[in-house]
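A.B. asks: Sharing a structure here in structure tokens format.
The values are calculated or read from the model by the stated rules, or taken from the named source; none is laboratory data. Everything numeric in this text was worked out from a predicted model, so none of it was measured. Cβ placement follows ideal geometry from the backbone for every residue including glycine, while neighbour counts extend to all protein chains displayed. Areas reflect the complete protein model, heavy atoms only, side chains present, ligands, DNA and RNA absent. Shrake-Rupley method; radii C 1.70, N 1.55, O 1.52, S 1.80 Å.
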Amino acid sequence: MKTHSLISTLVIAFISFSTASYSQVSATAVATATVITPISITWATDMSFGKLAVNATGGYVDLTPGSGITANNGVKLVTGGTVTAASFTVLGTANLAYSISLPGTVTLTNTVNSGQTMLASAFISSPTPTGTLDGSGSQMLYVGARLSVPGSQLEGIYNSTPFTVTVNYN
């Protein structure tokens, strides 16, 4: 009987220890999220290539994001015209980087003779290809482009429809 009692005691002890070694344990975690200011872009200044004269050859004008301009081939810059890159204000969360998407091409159409057009292309921005908002969550974005001027282009004022510049947080 002593043997049976000893075996029963050992079985109970074994079950107790094995249950303790396989007991369930837990830990906890906290979920968090940070909501930031949505990025936005607003128009500040339109792009202007100024006043141009063109011969029968034609050519192009390059406007930098810093409003520098150069005429090439058969195009000449004429004094008295306003030359300016387009500018935009980008707002969002301070010190965050963002990407910039520019248009591929934009057509400028003569305001009197709609059959006469010129093409703006090779858009470039400053900053490029990304920007970083300053400590107050702001940055100015400047956009220039190349304007192709066909030979013997008719005189007149040429305007485009509004073109889109897009910014997105990286």
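A.B. asks: Could you sort MET140, MET47 by accessible area so the largest value comes first, with the probe set to 1.4 Å?
C.D. replies: MET140, MET47
A.B. asks: Which value, in debye to the nearest 20, gives the size of the charge dipole of the chain about its Cα centre, when Lys and Arg are +1 and Asp and Glu are -1 at the Cβ?
C.D. replies: 380 debye
A.B. asks: Above 23 angstrom, tally the Cα pairs of the stretch 23-143 and express them as a % of all pairs, no decimals.
C.D. replies: So the pairs more than 23 Å apart make up 48 percent of the total in the stretch 23-143.
A.B. asks: While we're on this one: Give me the percent of accessible area attributable to carbon and sulfur for the chain, probe 1.4 angstrom.
C.D. replies: 59 percent
A.B. asks: Taking the chain as a Gaussian network, where each spring joins two C-alpha atoms under 10 Å apart, which residue of ALA44, ALA120, ALA31 fluctuates the most?
C.D. replies: ALA31
A.B. asks: Would you calculate, for the chain, the mean residue ellipticity at 222 nm contributed by helices, counting each DSSP H stretch of 4 or more residues as -39,500 (n - 2.57) and dividing by all residues, to the nearest 500?
C.D. replies: Calculated from helices alone, the mean residue ellipticity at 222 nm is -4000 deg cm²/dmol.
A.B. asks: While we're here: In sequence order, what are the phi-derived ³J(HN,Hα) couplings for the stretch 59-72 according to the Karplus relation 6.51 cos²θ - 1.76 cosθ + 1.60 with θ = phi - 60°, rounded to whole Hz, with x for glycine and proline?
C.D. replies: x, 8, 10, 9, 10, 7, x, x, 6, x, 9, 9, 9, 10
A.B. asks: Counting only heavy atoms of protein chains, what accessible area per residue, in Å², does the chain have with a probe of 1.4 Å?
C.D. replies: Ligands and nucleic acids excluded, the figure is 64 Å² per residue.
A.B. asks: Kindly express, to the nearest 10 degrees and within the range 0 to 90, the angle between helix 2-21's C-alpha long axis and the longest C-alpha principal axis of the chain.
C.D. replies: Result, in degrees: 10.
A.B. asks: Taking θ as phi - 60°, what are the ³J(HN,Hα) couplings along the stretch 146-161 by the Karplus curve (6.51, -1.76, 1.60), each to the nearest whole Hz, with x for Gly and Pro?
C.D. replies: Residue by residue, the stretch 146-161 yields 9, 10, 8, 10, x, x, 6, 4, 5, 5, x, 8, 10, 10, 9, 6 Hz.
A.B. asks: Continuing with the same structure: Taking the chain as a Gaussian network, where each spring joins two C-alpha atoms under 10 Å apart, which residue of SER101, SER87, SER136 fluctuates the most?
C.D. replies: So, out of SER101, SER87, SER136, the one fluctuating most is SER136.
A.B. asks: Net charge within 12 Å of VAL75 by Cβ-Cβ distance, Lys/Arg positive one each and Asp/Glu negative one each, not counting VAL75 itself?
C.D. replies: Neighbour charge sum, excluding VAL75 itself: +2.
A.B. asks: Counting Lys +1, Arg +1, Asp -1, Glu -1, what net charge surrounds ALA86 among other residues with beta carbon under 14 Å of its beta carbon?
C.D. replies: 0
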